[in-house]
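Nothing in this text is a laboratory measurement; each read-out follows from the coordinates by a stated rule. The structure presented is a predicted model; accordingly, all values stated were derived computationally and were not measured. Note that we place each Cβ from the backbone using ideal geometry, even for glycine, and neighbour counts take in every protein chain shown.
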Amino acid sequence: MSEKNKMSVWKPDFPVVSDEMTLISRRKFTKSLCMISGGLVLGMTSVYSQTGQENEHLVCPVSELAVGETRSFTTDKKGKKPYILIRLAEDQWKCYSQKCTHMGCKVNYVPDTKQFLCPCHKGVFNPENGEVVKGPPKKALPQLPVVVREDNVYVTLSA
């Protein structure tokens, strides 16, 4: 067989000369990998520490919600995480997931009964604590902490 027949088809396009290749030891590779990972961690830490309140979401100004009123909102751009904010008293705010813990239907506040109602299976929740009052749901509505600062209402999102 001739030398040309033994050569792979791709070799002329990607010539590799062994003398030009440099070998790297496992120790040097591991050291480089650790340095790069550490740099990424430090970079991300500095980004989060600069923002301060990176987990807070502005819902509305205090003046836009009277006592007994609610405001529905989402915390993501796709609208897949609906929440409901309720002003129970002049200085008492609560925020709950607007998805029923039974089947995920959208719960609404009913001012006449002062309760959250799930229209799908008639689940009823207490607006004071999100606990189930009656119906098929077994769990309380998930709650977000509410912060009022500089005449604005914010909710704190979990990281």
Query raised in the report: So how far apart, in nm, are the two label points at Val67 and Thr22 if each is 7 Å from Cα heading toward Cβ?
Result: 7.4 nm
Query - Highest-first arrangement of 105-117, 30-42, 64-76, where packing means the average Cβ count within 10 Å - result: 105-117, 64-76, 30-42
Report summary line: Along the dipole axis of the stretch 69-159 (charges at Cβ: +1 for Lys and Arg, -1 for Asp and Glu; origin at the Cα centre), the most positive-end residue among Ser72, Pro127, His102 is His102
Query raised in the report: From the Cα gyration tensor of the stretch 53-126, with a ≥ b ≥ c the square roots of its eigenvalues, which class applies: rounded if a/c is under 1.5, or else prolate if a/b is larger than b/c, or else oblate?
Result: oblate
Query raised in the report: Of the peptides 140-151, 88-99, how do they stack up when ordered by the mean number of other Cβ atoms within 10 Å, highest first?
Result: 88-99, 140-151
